[in-house]
Amino acid sequence: QAMQRARLAIMWERLWPHLARVLTVIGLFVALSWAGLWLVLPLWGRLAGLAVLALLAIAALVPLARLQWPTRADVLRRLDHQAGLAHRPATALTDTLTSHDPVARSLWLSERERLLRKLTRLSAGFPAPHLPRHDPLALRALVIVALVATFFAADGERGARIAAAFDWGSILTPA
């Protein structure tokens, strides 16, 4: 169970910074929409703005394609680190005995029992994605502040202001 929790914690640590980037771009789009940017821009400006935001979103999604599931070594390393005990106790449990000597086997079995008693409360710990390392300028906070401010500024027109970004009626020629 501890290995499964560690695997999920590691995966969340790897996944969240990329998701935070995508959510930041989406939040930026919504904040710009609620601010009324799309209402004042001409058609080419709306198209350019949406293209830039789409490219930012794609750039934020690209690293997700290289995301890898944590290996057994990654999981054991995390468990060893979280245990706070010396001599890598979780990794030591995966060791095997190659000697056929009965004394060595007896010592090895007693060492395994001692390790198992130490690791009864083995914990994977909470995920720590370290977002400040991935976003040192805290742009995500700026977007959150902009979202809150523009939420109140847009009042009853929130949906219409978002839809204005996709109002391309002047592209089509009239019948």
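The values are calculated or read from the model by the stated rules, or taken from the named source; none is laboratory data. Just so we're clear, the structure is a prediction, and the values are computed from it rather than from any experiment. Just the protein is used for accessible areas: all its heavy atoms, side chains included, with ligands, DNA and RNA removed. Shrake-Rupley method; radii C 1.70, N 1.55, O 1.52, S 1.80 Å.
Annotations for the structure displayed:
- Heavy-atom accessible area, probed at 1.4 angstrom with all protein chains present, ranks Thr71, Thr96 as Thr96, Thr71, highest first.
- List Phe126, Phe151, ordered by accessible area with a 1.4 Å probe, largest first: Phe126, Phe151
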